[in-house]
Amino acid sequence: MTATDEREVGAARRRKEDARLITGRTRWTDNLTVPGLLHMAILRSPFASARIVSVDTSAALSRPNVVAAFSGADVADVQGSLPCAWPVTEDIVHPDRPPLAVDVIRHHGEAVAVVVARDRASAMDALEAIEVDYEPLTPVLDLEEALAEGSTLVHPDKGTNLSYTWVFDSAAAGTGADVGAVDAEVVLERRYVQQRLIPAFMEPRSVIVDPGAGDYTIWSSTQIPHILRVFYALLTGTPEHKIRVIAPDVGGGFGGKLHVTPEELITFMAARRIGRPVKYTETRSETMLAGHHGRDMIQDVRLTARRDGTVTGISVKLIANMGAYLGLVGPGTPILGAFMYNGIYKFAAYRFECTGVFTNTTLTDPYRGAGRPEATYLIERVMDELAVELGLDPIEVRRRNWIKKEEFPFTTVAGLVYDSGDYDAATDKALALLGYDELRKEQELRRASGDPVQLGIGTSTYTEMCGLAPSRILGALRYAAGGWETASVRVLPTGKVEVVTGVSPHGQGHETAWSQIVADELGVAFDDVEVLHGDTRTSHKGLDTYGSRSLAVGGIALVEACRKVRDKARTVAAHMLECSPDDLEFTGGAFRVRGTPDAAKTVADAAFAVFAAHDLPDGIEPTLDADATFDPETFSFPHGTHLCAVEVDTQTGHVAIRKYVAVDDVGKVINPTIVEGQVHGGVAQGIAQALHEEAVYDESGTLVTGSFVEYTPPAAADLPDIVTDRTETPATTHPLGVKGVGEAGTIASTPAVVNAIVDALRPYGVRDVPMPCTPERVWRAIRAVGTETEGGRS
Amino acid sequence: MIPVAFDYLRPASVDEAVAALADGGEDAKVLAGGQSLIPVLRLRLSAPSLLVDLGGVAQLRGVREEGDALSIGAMTTHDEVASSPLVRRHAPLLAAMAATIGDRQVRHRGTLGGSLSHADPAADMPAAAAALEARYVLAGPSGRRVVSAADFAVDLFTTALADDEVLVEIQVPKMDGWGSHYEKFHRMVQAWAIVGVAAMVRRTDGVIESARVTLTNMGPTALRATAVEQALAGCAADRAAIEEACSVAAEGTSPIDDLTASAEYRRHLARVLAGRAVAAAAGV
Ligand SMILES: Cc1cc2nc3c(=O)[nH]c(=O)nc-3n(C[C@H](O)[C@H](O)[C@H](O)COP(=O)(O)OP(=O)(O)OC[C@H]3O[C@@H](n4cnc5c(N)ncnc54)[C@H](O)[C@@H]3O)c2cc1C
């Protein structure tokens, strides 16, 4: 930041949006209505795999208030196929994905037919009158079985369940050695499983399509209104300029609304067929069944090291469950992790291979962290294993391998250039906050006394790549779009400021952070800034919000737009003050003549002068507006150290988090309260993966965790107090210094918790507990000591 | 989801409620706090044509002292049970158990009568009622009858209540002089018990004179761990002796195997938790 004074940036401002959000004055999609609105309900398959013999919707049509009913067969010619924007390899197997199933069901909950009625209850009632004749087939559910010779196929016409294999090899890429050619005094082989998760956003997905007179207005609870508009145009043949997409207030996403959904397309088809606006709001059960899922992969790792603890190489093989189809960015999600398995360390050699596999399950797509939590989990788990193997403290083994402060910028074995970081500083702070040494002593005492409640300490020293993403790199990775971001700043005649941003907040607090940045850049009051977003009519361009990109990319565009405005205001102010622009300095919220600070004009003064336009310098247009679009050169790399202490009741397997410390370095901080909130929420979700959440299918392919009774995100009472602190190493690659914080907590916390549990149980010979580490699993891991069944291969 | 459409009545007295149920026949159902019934209706697992809401029957709510017992109206909420000075004084086990139910919202809507009538094997209140040897007052078209806790709980989601009967009140003998404790083991703080063990102990000096131990979610209904109770009678009030006595806690149980926990693990938990509950109740 080069604004001369920073009054707002760095201040713990209360969030502007919260008054609206907590007093029920929000505009959730489901709260909106338009004249003539109809309501749609969707009939979903009870089977995971079946042939649809016939669908008869005629009886539904005669139910009260029903306006229309149709099935996949009725729209087969017009519905097209849902997009995958990230076909990661040239020869990827990419099956069609009809919004409504036509003749084959490939996962439990797939949409089969719809009813549109005058009210929602009538539409739901009438679903019961639709008759579907299914011929159930045997589903394929297990990842390794799906890859085996002769397996049942999810898409028989493709001849395989293998979608793609994507490889990175440091020797081939020229970024490091061959994993087979490095010192291997110690070899560790482990298998970890990332269970399937369901993004549990608060507001279920909802969409309204108003067909107007061929000029469509669409409200959707989405993270990606801009991307959605492009795909609506491409998929429905509607000219893009006849489509307006609005993401009103959106109640969370976590990646789960980074999608072009079947429901959005089906609602569109219904509205177009009927010629009236149609709304569809899913039930929570539908979210769980048919909203996309996350993670779900098997990770095999082989790590080589010297006896002094220096890791020489790491080789990672993933089998990633795509589900029944490819999601919008599903194939690319594990690839986002490909550059992160080396973590914060200096390894000589690295090989990564990911195989994407089809199964008869709901498809997977990004979930908070997308690829990076998986990578961090694996490397941080296996670094602990190495420490145990070598009899070293887990912190020490990490220190011996991580990049030192003075070594930045550092080109990693995965080929990324980390611009900055200070892993020692963050770790030292975290150790002090946790009281690491005292807890280790207590652990010794408990071990010595055979206390039934054992103590464990888990470490996670993470980094991640944020600010998605440099468009050139996305192109090289075969992603269909770019990664730039845009902002417009317009100063109104009275000095108030409207900002239009291309990102699309859904709970993060952008309105607040953006206002703080603008306030400092233009010397205006925080409350005089209005941030507009999420409506393609006001914000015609943008790439939306995911991948911790909003501030790290969109924030830069905002600063650049502000500076264009400020430069112009400076010219106008100089004209008003009858001096040269070079004689002015911008301080205390105004342009002041150097040496005569009372001779001053504010941006608001310039704005009114521009509005009147009576006396402007030659060649100055009478506007005080500017746009900027920023395409990052590189990613940003927040990092930090999370430490977790757990108490494990060895009699019941119950795990209690005794203390959790998160020291994060997210670069420059715009609003510490928002950063803390992001860390808290992220840590909660990471803990949830470690201890609580898992989507489970039974052997028939039925999702048995179909509600919050079985799928159990933690409530406040399930979570520990989280001690947060920061170090601040600004990013050097752009003018704002920020690095991104949206996913950090989730990425860091899962391995910290599991490492702590395993650490507590080391005396019992336990080397792994599969996630989520439920009490029963912990208890079983303890009981299995001495047998070969727990902990993978060695 | 949205329930199938139903008719709704809100009578002002027990007699009106019973009459409405009798008129409504098999398709009529009582609505108390709705915390179990509404989820069932929303998922369309049940579609009654008439709901008789007891929320307007003032006489069904509250705790009264009646000699050696407390009389608790069926519509008394879990929160009211948990915070009632009378219950806390004379049946602290019941108050403690009510306080573990679900979350704040659930405790403010859900009722003692609803929980007992619903007879979910994972519910906490039936184990409390069994330990306290509570008696249930039922009102039907032909008058009132009193049923013991043991006779009221018939099976999974099945009680002695006839379709046209209303549970009116629960009579709980005062248990002054007994120590009590509930060990509820759950995955999430606000969730149902995987296994729960309620214990009441009366001890003289270092000896357990008499004990009652009941189990939540170890079978189709709340169970009394009679083998443990027998082993505890006359047993020394020390940890080792108690644990030994509680090693038979899973005897005669038939816990389910489901997503939350295996039957084997539940049996193990019953033994561990029984030891802890009894020790705590005995002040060890
Ligand atoms: C999120 C959540 C968590 C929960 N956690 C727990 C928990 O940890 N432990 C626990 O024990 N319970 C738990 N419950 C259940 C809760 O205790 C319910 O309140 C209770 O099971 C039912 O009581 P109700 O008053 O809500 O009854 P309702 O739901 O209204 O009725 C339940 C059934 O009982 C019948 N009924 C109700 N009252 C009478 C009456 N007076 N006479 C005849 N029939 C009657 C109804 O017809 C219906 O069939 C939870 C519920 C929720 C939603």
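The values are calculated or read from the model by the stated rules, or taken from the named source; none is laboratory data. For clarity, every value in this text was computed on a predicted model and none was experimentally measured. Here the Cβ positions follow ideal geometry from the backbone for every residue, glycine too, while neighbour counts run over all protein chains shown. SASA here: full protein model, heavy atoms, side chains in, ligands and nucleic acids out. Shrake-Rupley method; radii C 1.70, N 1.55, O 1.52, S 1.80 Å.
Some points to look at:
- Mean-position separation - Cα centroids, region A:494-526 and region A:121-178, in angstrom: 43 Å
- DSSP bridge analysis restricted to the protein assembly as shown gives an antiparallel fraction near 80%, rounded to the nearest 5.
- Using only alpha-carbon positions in region B:7-55, the gyration tensor eigenvalues give semi-axes of 19, 12, 7 Å once each is multiplied by 5 and square-rooted (largest first).
- If R0 is taken as 60 Å, the Cβ-Cβ distance between B:Ala19 and A:Ala181 corresponds to a FRET efficiency of 0.10.
- Relative contact order [Cα under 8 Å, 6+ residues apart], chain B, whole percent: 15 percent
- Model label points for A:Arg284 and A:Ala425, set 7 angstrom from Cα along the Cα-to-Cβ axis, are 4.4 nm apart.
- Rounded if a/c under 1.5, otherwise prolate or oblate - region A:522-657, Cα gyration tensor axes: prolate
- Taking each residue as 0.36 nm, the span from A:Ala19 to A:Ser58 lengthens on full extension beyond its C-alpha to C-alpha distance by 9.3 nm.
- Using a Förster distance of 22 Å, the FRET efficiency for A:Val709-B:Leu156 (Cβ separation, nearest 0.05): 0.85
- Kirkwood hydrodynamic radius of region A:497-568, from the reciprocal of the average inverse Cα-Cα distance over all distinct pairs: 12.2 Å.
- Binned Cα-Cα distance frequencies in region A:139-401 - 10 Å width, integer %: 7, 26, 26, 21, 13, 6, 2, 0
- Shape category assigned to region B:37-103 from the gyration tensor of Cα positions, a/c cut at 1.5: oblate
- Here the calculated FRET efficiency for A:Asp567 and A:Asp598, from their Cβ-Cβ distance with R0 = 35 Å, stands at 0.95, rounded to the nearest 0.05.
- Solution diffusion estimate, µm²/s, Stokes-Einstein, region A:324-466, Kirkwood Rh from C-alpha pairs, 37 °C, viscosity 0.692 mPa s: 188 µm²/s
- Computed on the Cα trace of region B:62-172, the radius of gyration divided by the Kirkwood hydrodynamic radius gives Rg/Rh = 0.94.
- Among the listed pairs A:Lys242/A:Lys279; A:Lys317/A:Lys429; A:Lys279/A:Lys739; A:Lys317/A:Lys346; A:Lys404/A:Lys541; A:Lys279/B:Lys29, those beyond 30 Å (Cα-Cα): A:Lys317/A:Lys429; A:Lys279/A:Lys739; A:Lys404/A:Lys541; A:Lys279/B:Lys29
- Rounded Å value of the spacing that divides the Cα centres of region B:117-188 and region A:277-324: 46 Å
- Size descriptor, Kirkwood hydrodynamic radius, that averages inverse alpha-carbon separations across region A:248-368, Å: 17.1 Å
- Under Stokes-Einstein, with the Kirkwood radius over Cα pairs as Rh, the value for region B:179-282 at 37 °C and 0.692 mPa s is 247 µm²/s.
- Where labels lie 7 Å past Cα in the beta-carbon direction, separation of B:Arg145 and A:Asp119 in nm: 4.1 nm
- Note that the protein assembly as shown presents 36 Å² accessible area per residue, ligands and nucleic acids not counted, probe 1.4 Å.
- Buried accessible surface for the B/A pair, both sides summed and rounded to the nearest 100, is 2100 Å² with a 1.4 Å probe.
- As a length-normalised measure over Cα pairs under 8 Å and 6 or more apart, the relative contact order of region B:62-172 settles at 28 percent.
- Within the shell defined by Cβ-Cβ distances under 14 Å, the residues around A:Arg726 carry a net charge of -4, with Lys and Arg each +1 and Asp and Glu each -1.
- When the convex hull of its Cα atoms is projected in every direction, mean area for chain A (nm²): 35.7 nm²
- Inter-centroid distance (Cα atoms) of region A:739-787 relative to region A:527-586, Å: 46 Å
- Tail weight of P(r) past 16 Å, computed on alpha-carbon pairs of region B:144-205, percent: 67 percent
- Along its first, second and third principal axes, ordered by size, region A:419-551 spans 74, 42, 29 Å in Cα coordinates.
- Tilt relative to chain B, helix B:14-24 - C-alpha long axis, 0 to 90 degrees, to 10: 70 degrees
- Potential extension, A:Arg306-A:Val785 segment - 0.36 nm per residue separation minus Cα distance: 169.6 nm
- Normalised contact order of chain A, rounded percent, pairs of Cα under 8 Å and 6 or more residues apart: 16 percent
- Distance in nm between pseudo-label sites at A:Asp77 and B:Phe6 (7 Å out along the Cβ direction from Cα): 4.6 nm
- Length gained when the stretch A:Asp96-A:Asn31 is fully extended (0.36 nm per residue, less Cα-Cα span): 20.0 nm
- Among beta bridges identified by DSSP and lying wholly in region B:1-152, the antiparallel ones come to about 60 percent.
- When shorter helices are ignored and each DSSP H run of at least 4 residues is given -39500 (n - 2.57), the per-residue value for chain B at 222 nm works out to -9000 deg cm²/dmol.
- Only helices enter the 222 nm calculation for chain A: every DSSP H run of n ≥ 4 contributes -39,500 (n - 2.57), and dividing by all residues gives -8000 deg cm²/dmol, rounded to 500.
- Sorted largest first, the spans of the alpha carbon positions of chain B along the three principal axes are 58, 45, 32 Å.
- Derived value for region A:359-435: Kirkwood hydrodynamic radius 15.0 Å. Basis is the mean of 1/r over every pair of different alpha-carbon atoms.
- Largest GNM mean-square fluctuation across B:Arg266, B:Arg44, B:Arg135, computed for chain B with C-alpha springs under 10 Å, falls on B:Arg44.
- Cα gyration tensor category, rounded, prolate or oblate, for region A:593-632 with a/c compared to 1.5: oblate
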